[in-house]
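To keep things clear, I will list the structure first and then write my remarks on it.
The numbers here are math on the coordinates, done by the rules we state, and not lab data. Note that this is a predicted model, so its numbers are computed, not measured. Every residue, glycine among them, receives a Cβ derived from its backbone with ideal geometry; neighbour counts consider all protein chains shown.
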Amino acid sequence: MSHEQFIPGQRWISNTEADLGLGIVIECANRRVEIGFPAVMEQRTYAVDNAPLSRVIYEPGERVNNHLGDALEILERFENRGCYIYRCSDNNGEEVILTEPELDSAVHFARPEQRLLAGQIDRNGLFKLRVRTLEHHHRLMSSPVYGLLGARVQLLPHQFHIAVELSSREHPRALLADEVGLGKTIEAGLVMHQRLISGRAKRVLVVVPDNLVHQWLIEMLRRFNLMFTLLDEERCEALLESFSGNPFESSQLVLCPLSLLTQRDARLRQALLASWDLLVVDEAHHLGWAPNAVSHGYSCIQALAETIPGVLLLTATPEQLGPEGHFARLRLLDPERYHDLDSFIAESDRFHHLSSAIAPLLEEGGAQLLAADSRVQQEIAGWLGNEALGNWLALPLEQREQGLAALIASLIDRHGTGRVLFRNTRESVKGFRSRQLDAIPLPMPQVYEEAAMTAKLEQTLHPELLLGADWVEFDPRVEWLVDWLRENRKEKALVICARAETAIALEEYLNLRQGLRTAAFHEGMSLINRDRAAAYFADMELGAQVLICSEIGSEGRNFQFASHLVLFDLPLSPDLLEQRIGRLDRIGQRFDIQIHVPYYQDSAVGVLLDWYDSGLEAFSRVCATGEAIYHQVADELNECLHDPQNEQALAQLIADTSGARIELEAKLSAGRDRLLELGSCDQDRAEALTDAVVEAEAGDELQSYAEKLFERFGVDTQPHGEDGLVLQMGEHMLCQLPGLEDEGLTLTFSRERALSREDIEYMSWEHPLLAGTMELILRGEYGNNSLVTLKLPPLQPGTLLLETVFQLHTTAPRALQLQRYLPQGVVRILVGPNGQNLAAALGHEPLNKLAETVSRIAAQNMVRLAREQIVTQVKQADLLAQKELPPLIEQALERMHTEQEAEYQRLKELAEVNSGIHPQELEALAARRQQMADALSRAELKLDAVRVILVRE
């Protein structure tokens, strides 16, 4: 750290982010200095008093490059108004004047040999850890699922397919419209996480309905370790007082309710003025739009979507609001493509017609059907041309099924909304267990029967409100629940009530009065206490038998390790009922879901139960039409709830509901777009992605590496089961680790355990603590040199070997992800006594097994005595390494061009038949490829670590 004065034009380097290259002072004011890093096109702002920066001053005799890449030798240095001017000589011997701003920014300053010669010698264990870290870092960075390893989610192929598809685009703009329970929030979180980890996005704005704000905040933190700043009006006002700037610029990740933008014009203006890379909008179907009437909420999101390059809209009902609602969502994503409603409807009809025509071909024996159906042949020829159909007909019979798959793939590519709309259904995803309703009619307490005659509906639907303060003592529902829990002691049950007060009273009674193992979960508890309750319930051996939740238990938590759900009351909203059932009915559930509903006979709850069961069939399956039908029959339902004895009215209501459901479901089924569903999840590719995640996770290797890493940095660790650790800050830690707080951390390396224990951190390669600690090693000096001795009979005692590790490095924006093209991350050179490379004969791991450590004092003495030889061997190692660089660059360029050319040609061909692909996409892809080629051509081998090896007797 330096206390020199910062002058515009000076060159500095970041001590913590050396890969940024050479920085230049842009401005220094108000005790802050702004540094630009031209090599990676980034900027940083630091406090002057503690900026982690070092002034870069070159001495005469050193060789540097200017910004044009010309190599120069410094002859003399002058100071002028705080900046330096260098008199240099170029390769032709001509004199050149070089100012500081003209220095090449793509330079590196890590010099392990300097530390070694200065006596700053690291332990051999740190050296081995550094090499291991380099290898893991390259493996992760080159993985096709980089950025998707750190999420605490199930490995569901359809979610990862969407995440990879959108993450690969320059600016993803898409409508995520999976059916309820298939994980749209997870998909959006995966896209955000991948783009943030890879550097393709830095600033994200998430806009959600007011009632989902905290659910999103917790979900992003728990599942993706993304810490969003929640902005509401109170927070904005506080920031304006302390920050004195745009509240939306106070954080890189911002979450806000839609009402903040619709009710405060000033906040919308501030959001528009802030720079964003990605906008995510949940419940997008609530944004009202019609050709002659646009809601204020829609206008707000439209204004943001016009200025933000990446946009994700989430909705479970893209077509239930009619073609206008569907069109309204799509025009937010691509107003040029979707500019006319009539044209959109006409085009949609064409695609629906095509989808219906080929639907039979997707079943077994589809090739035989196509060969025999001239009508469908004409349909396909109309889209793909006669030549494509003729080529298929000419195939041998045994090849036609495979050929049909290629034809359908071509049709998917031509699908009008396939690039912007993703919709998976339960039918296409599969993997769900059946639901079974257990309706338990109970006698109605007299006090309830009398009070219900004049009570409000809210009270009749929640009987405890009419039974008095000691309702738990004589409520038949409680008596039934106690008996059931005692008869099924080995079964876990989730109980959901509408009210927190009900949950609290019920849990206290079951636990204190009946001696049952219970836990409560409600909004009156702190987040930590909710986690503890959920963890107690998740413990399969000593945990709670029953978790009693208020309505909050139906939001954002998954308890699929249990299969019994007790609905202590019923909500009026079909969607809310589905949310409750969805806590157990999820992919990964191993048993059929048993839904227990205790209710009073001839009560309002009984009417609601019959309507849900017989009218909507909401207990036996997901009812996607439930909320729409509820609004259609709300008046009739209300009358029946107020008059439970009117069996005729209830029968008519159920008949009307059933008829409306069948009709609406038929419309949805007829409009089901199989091509869209196929394009939303390429099953083979999706399963390959989840397999790649499992492979990249390298579970056993991850745990072994992490334990060694924390041990070397001085963290106190204790085992927590077979796959977990408890971390505490040690007394002799090398430094403060990012994400390890004073209270410590309990973690697991098991994805399965992490999904059932949300109170425990899921430790993956991309967890902030592990990733941050790996960065500390790679960016810093930890373990970049060492000295050991060993016995090696073929070599004479006293022989000096120098093991060097060079990192293959490119200075380019992180978003390019160039590491995936590099054939290897490191080049290892082992310099022998005669300057030869012995790396092939003596591998790194065999040397580790033979190596013996020496004390630091002894190592310093050895280095001092062998200084001249070490300097010579370092130069020899560099010469040997540089000979290996050209073929590595050539391989990297070949890999990159092959991949990028294939993607470019695919998009170019698709652009000819799919207007959803814009010329700008092709231009951006071509420019990106050129940028990659330039950066890879400048790749260099940077000496990252050295180890002196002294052969002894």
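Could you work out the percent of alpha carbon pairs in segment 252-351 separated by over 17 Å, rounded to a whole number? Intermediate values should be presented prior to the final figure.
Details: 2572 of 4950 pairs.
The answer is 52 percent, as a whole percent.
If you average 1/r over all unlike Cα pairs in segment 355-418 and invert the result, what Kirkwood radius do you get in angstrom? So the Kirkwood estimate lands at 11.8 Å. Pairs exceeding 21 Å between alpha-carbon atoms, taken from K875/K942; K128/K849; K184/K492; K791/K942; K184/K430; K128/K708: K184/K492; K791/K942.
Can you pull a Stokes-Einstein diffusion coefficient for segment 782-952 at 20 °C (1.002 mPa s), Rh from Kirkwood over Cα pairs, as a whole number of µm²/s? The Stokes-Einstein estimate is 114 µm²/s.
Semi-axes of the equivalent ellipsoid of segment 475-566 are 18, 16, 12 Å, computed as sqrt(5λ) over the eigenvalues of the C-alpha gyration tensor in descending order. Quick check: the angle from helix 699-712's long axis to the longest principal axis of the chain, C-alpha only, nearest 10 degrees? Its long axis makes an angle of about 50 degrees. Report note on the peptides 563-575, 536-548, 888-900, 81-93: ranked by the mean count of other C-beta atoms within 10 Å, highest first, their order is 563-575, 536-548, 888-900, 81-93. Using the alpha carbons alone, the radius of gyration of segment 72-194 stands to its Kirkwood radius in an Rg to Rh ratio of 1.24.
Against the chain, whose longest principal axis comes from its Cα atoms, helix 626-642 is set at around 40 degrees.
Taking +1 at the Cβ of each Lys and Arg and -1 at the Cβ of each Asp and Glu, which of G189, Y146, L258 sits farthest along the dipole of segment 119-270 towards its positive end, judged by Cα position relative to the Cα centre? Ranked along the dipole, the leading option is Y146. Estimated from the Cβ-Cβ distance and a Förster radius of 35 angstrom, the FRET efficiency linking Q120 and V96 is about 0.50. Using a simple spin-label model with pseudo-atoms 7 Å out from Cα toward Cβ, L397 and D49 lie 8.6 nm apart.
Calculated on the alpha-carbon coordinates, the convex hull of segment 135-241 measures out at 134 cubic angstrom per residue.
Taking Cα atoms only, the orientation of helix 184-198 departs from the longest principal axis of the chain by about 10 degrees.
In the calculated pair distance distribution of segment 565-636, what percentage of Cα-Cα distances lie above 13 Å? Value for segment 565-636: 66 percent of Cα pairs lie more than 13 Å apart. Here the translational diffusion coefficient of segment 825-926 follows from Stokes-Einstein with Rh set to the Kirkwood radius across Cα pairs; for 10 °C and 1.306 mPa s it amounts to 86 µm²/s.
Scattering from the C-alpha atoms of segment 434-602 alone, worked out with Debye: what is log10 I(q)/I(0) at q = 0.11, 0.14, 0.18 1/Å? Listed by q, the Debye log ratios stand at -0.42, -0.70, -1.19. Between E884 and L838, the FRET efficiency from the beta-carbon distance, with R0 = 22 Å, is close to 0.90.
Quick one: compute a quarter of the convex hull surface over the Cα atoms of the chain and quote it in nm².
48.4 nm²
Kindly state, to the nearest 0.05, the FRET efficiency for D759 paired with Q263, given R0 = 56 Å and r defined as their beta-carbon distance. Efficiency, from the Cβ-Cβ distance: 0.95. For segment 300-394, dividing the convex hull volume of the Cα atoms by the residue count gives 154 Å³ per residue. From least to most packed, judged by other beta carbons within 10 angstrom and beginning with the fewest, K908, K883, K492 follow the order K883, K908, K492. The ellipsoid equivalent to the alpha-carbon distribution of segment 157-337 has semi-axes of 24, 21, 15 angstrom, derived from the gyration tensor eigenvalues as √(5λ) and listed largest first. When +1 charges are put on Lys and Arg Cβ atoms and -1 charges on Asp and Glu Cβ atoms, the dipole computed for segment 698-764 relative to its Cα centre reaches about 180 debye. Just so you know, the Rg over Rh for segment 698-764 is 0.95, from Cα atoms, with Rh as the Kirkwood radius. Shape annotation for segment 11-107: C-alpha extents along the principal axes are 43, 27, 17 Å, from largest to smallest. The charge dipole of the chain, taken about the Cα centre with unit charges on the Cβ atoms of Lys, Arg (+1) and Asp, Glu (-1), comes to about 3460 debye, rounded to the nearest 20.
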